[in-house]
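Notes follow the structure.
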Amino acid sequence: MPAFPPTFADQVVAQPVRAQFEAFLDEHRSALRSCLDGLTEEQARRSLVASQTTLLGLVKHATFVEKVWFDEAVTGRSRAEIGIPATSDQSFVLADDDTIAAVQQAHREACAASRRATAALGLDDILSGHRRGPCPLRWVYLHVLRELAQHCGHADILREQLVDA
């Protein structure tokens, strides 16, 4: 029988819905970050598709996503104040100092900040700082989970291409 992800464990199923959301988010955050494990810097930066998407860029973009939805949307601070790109496309662009270790650490820190930013909020609390307008935390959790799941799928395919090359 295949091993199930931690979110299938009985203790998660029995938890309140918020704890379930957070378990799924953390599982996908970790899965995306770990797509870089065991790769060389060159492999992590290698472009295998026509877009700017690379494995390192996907994790860097996930850091941007955390800051957009759990800093900008919660605090109302501008992207410039937060220190992130103005657009999603720009968040995939790699700088010379974007190493596997640095990008993974930035992502870990952004995820920890996201947890702190939402710790006192309820699922129905409205986050009014995002440029698209007010959204309940429940919707933000679902949106971020959807995005992480999509990017985990992208990462699986890219990693498979790199490792099998």
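Observations on the structure shown:
- Among the residues of the range 79-104, those that are β-branched (Val, Ile, Thr), within 20 Å of Val144 (Cα to Cα) and buried (at least 16 other Cβ atoms within 10 Å of the Cβ) comprise Ile84, Val103.
- Just so you know, in the range 66-108 the residues that are of a type in the set (Lys, Arg) and out of contact with any Asp or Glu (no Cβ under 8 Å at 6 or more places or on another chain) include one that is farthest from Ser30 (Cα to Cα), and it is Lys67.
- Of all residues in the range 110-164 being under 11 Å from the mean Cα position of the chain (by Cα) and charged (D, E, K, R), the one that is least open to solvent (accessible area, probe 1.4 Å): Glu147
- Helices (runs of 4 or more DSSP H) completely within the range 7-111 that count 1 or more residues being closer than 20 Å to Leu137 by Cβ: 10-13, 17-34, 55-67, 79-82
- Test set (1) out of contact with any strand residue (DSSP E or B) (no Cβ under 6 Å at 6 or more places or on another chain); (2) in a loop (DSSP other than H, G, I, E, B) - His154 fails condition number: (2)
- Residues being modelled with pLDDT of 95 or more and open to solvent by 40 Å² or more (accessible area, probe 1.4 Å) are represented in the range 52-61 by at least one member.
- Ser34 vs. criteria under 16 Å from the mean Cα position of the chain (by Cα), open to solvent by 40 Å² or more (accessible area, probe 1.4 Å), hydroxyl-bearing (Ser, Thr, Tyr) and on the phi < 0 side of the Ramachandran plot: yes
The values are calculated or read from the model by the stated rules, or taken from the named source; none is laboratory data. Small disclaimer: the values here were computed from a predicted structure and weren't measured. All Cβ positions, even for glycine, are placed from backbone atoms using ideal geometry, and neighbour counts span all protein chains on display. When the accessible area is computed, the model is the full protein with side chains, heavy atoms only, and any ligands, DNA or RNA have been set aside. Shrake-Rupley method; radii C 1.70, N 1.55, O 1.52, S 1.80 Å.
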